[in-house]
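Here is the structure we will look at.
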Amino acid sequence: MIRRPWARALFLRLAALSIGAILAFAVAETGARLLESRRARERPGSPRLALFDPNPHGTGSYRLKPNLRLTAEVEGRTVAVETNSHGMRWRETAVEKPKGTRRIAILGDSFAFGCWSSTMEKSFAGVMEQGLGPGVEVLNFGVGGYGFEDELLLLREEVLKFAPDEIVIASFNGNDIRDSFLDTTRYVVRDGAAELADDALEARVPAPYRTAAYVNPQPVPPPGLLGILWHSALARLVLRATDRDPPYLNYEVSRRFTSYSFWSQSPYPDVARQAVDHSLGLLDEMRRLAEERGPRLSLVAIPTAEQVYAIHPAGPGFDISLPQAYLGKWAGERSVPFLDLLPVLREAARASGRRPYLRFDVHFNDLGHRIAGEAMASWARSRPAPR
């Protein structure tokens, strides 16, 4: 056998490079795991802003402060929070509707308010208006923490003064039925922030559903090559840094009344059914009021991140089509236009591999607001304008 010194040298060099690469990867992987662990411990919370005042009419609930000019840091981004003289996170607008303009008023909670779009224009209300084009004016009456009873009160006292042609109720699946069931006394305004009152649950919610443990659905690897890469903390770090962080979760239900997943359990316990019935009754009141005054009422269901990221749509004890199925049935029986955003957001998240929600907050990021706003604009264009 003829020995070839160059071949042996090449082999030794390749072996050294391979060992060096393995060691470098091991060091990088260890560092990525430590960084991942530290970030999990330092998980940022939602910013606490002084946004609210008690309702000046003294009839309950609370209102956004007018003429606010604030900024908040949300997961490394600066968010501008500004309100107009009417207490809306919106540009300044006259009460009197411009001639020849179709006005759409959006009511809802923090999602409608625009948490945490970078600017008002990037909220789904802003994106919807841009998608509808000239001649249509969208007004954003969203207020963080609102339920249907708060919205009914706001509709009576403020919204109808603006003579909208259509009223869109944007209902968040995670807590709007809960907040509607607990009525307008559930929150106390302290230093401009709304906090859930200590006794808000006791009168209506049985003890087992107040004290049950919260459940955090666990992420699972995505299918295909990304699923293989997902087992590496270094790969996860790179994917997150490039906003290619495909979200998949094993959905689990919490029996705690204040948990978002409580409303996707199947079958519903009695207290959940009571809350749904109460909420649908409030929607009936808003519909009757709208019919008396002229605007058309329509309804949009906004899913939770867990519903969007759930790898399976249904399983033992859960069904992510709930609670919006109850809203859809209510709307169908009354010929109320209804849009469920869950299919749109699930498809978009899977097609792009990007998150439409913030990583450490329950709300949309700018991408989620854009997806929702474009879908709402398309939905509005597909229907004849109210007469």
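Just so you know, all these numbers are worked out from the coordinates, no wet-lab data involved. Note that this is a predicted model, so its numbers are computed, not measured. Here Cβ is always computed from backbone atoms with ideal geometry, including for glycine, and neighbour counts include all displayed protein chains.
Summary table below
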quantity: Tensor-based shape of region 316-368 (alpha-carbon gyration tensor, a/c under 1.5 rounded, otherwise prolate or oblate); calculated: prolate
quantity: Scattering curve values for region 174-223, log₁₀ I(q)/I(0), Debye with Cα scatterers, q = 0.15, 0.18, 0.25 Å⁻¹; calculated: -0.57, -0.72, -1.06
quantity: Whether the chain is rounded, prolate or oblate, judged on the alpha carbon gyration tensor where a/c under 1.5 counts as rounded; calculated: prolate
quantity: Interatomic Cα distance distribution for region 90-208, bins of 10 angstrom, percent; calculated: 13, 40, 31, 12, 4, 0
quantity: Gyration tensor verdict on region 182-295 (Cα atoms; rounded if a/c is under 1.5, prolate if a/b is larger than b/c, oblate otherwise); calculated: prolate
quantity: Helix-derived mean residue ellipticity, 222 nm - over the chain, DSSP H n ≥ 4, -39500 (n - 2.57), to 500; calculated: -12000 deg cm²/dmol
quantity: The chain, dipole about Cα centre (Lys/Arg Cβ +1, Asp/Glu Cβ -1), debye to the nearest 20; calculated: 1900
quantity: Computed magnitude of the charge dipole of region 139-183 (debye, nearest 20; Cβ of K, R +1, Cβ of D, E -1); calculated: 40
quantity: For region 1-151: span of alpha carbons on each principal axis (Å, largest first); calculated: 97, 37, 27
quantity: Highest to lowest packing among 169-182, 14-27, 255-268, 272-285, scored as the average C-beta count within 10 Å; calculated: 169-182, 255-268, 272-285, 14-27
quantity: Relative contact order of region 52-117, pairs being alpha-carbon contacts under 8 Å that are 6 or more residues apart, as %; calculated: 20
quantity: Ellipsoid semi-axes in whole angstrom, largest first, where each is sqrt(5λ) of the Cα gyration tensor of region 274-387; calculated: 27, 19, 12
quantity: Neighbour net charge for Asp284 - beta-carbon separation under 14 angstrom, K R +1, D E -1; calculated: -3
quantity: For region 74-98 and region 44-63, distance of Cα centres in Å; calculated: 15
quantity: Within region 204-295: Cβ-based charge dipole about Cα centre, in debye rounded to nearest 20 (Lys, Arg +1; Asp, Glu -1); calculated: 280
quantity: Hz values of 3J(HN,Hα) by residue in region 310-316 - Karplus curve (6.51, -1.76, 1.60), Gly and Pro given as x; calculated: 4, 6, 10, x, 7, x, x
quantity: Charge dipole of the chain about the Cα centre (unit charges at C-beta), most positive-ward option of Leu229, Ala349, Pro164; calculated: Leu229
quantity: DSSP beta bridges in the chain [antiparallel fraction, %, rounded to 5]; calculated: 50
quantity: DSSP H segments from the chain that extend 27 Å or more along their own axis, Cα-based, with Kyte-Doolittle mean of 0.0 or above; calculated: 5-41
quantity: Hz values of 3J(HN,Hα) by residue in region 172-179 - Karplus curve (6.51, -1.76, 1.60), Gly and Pro given as x; calculated: 8, 4, x, 8, 5, 5, 4, 5
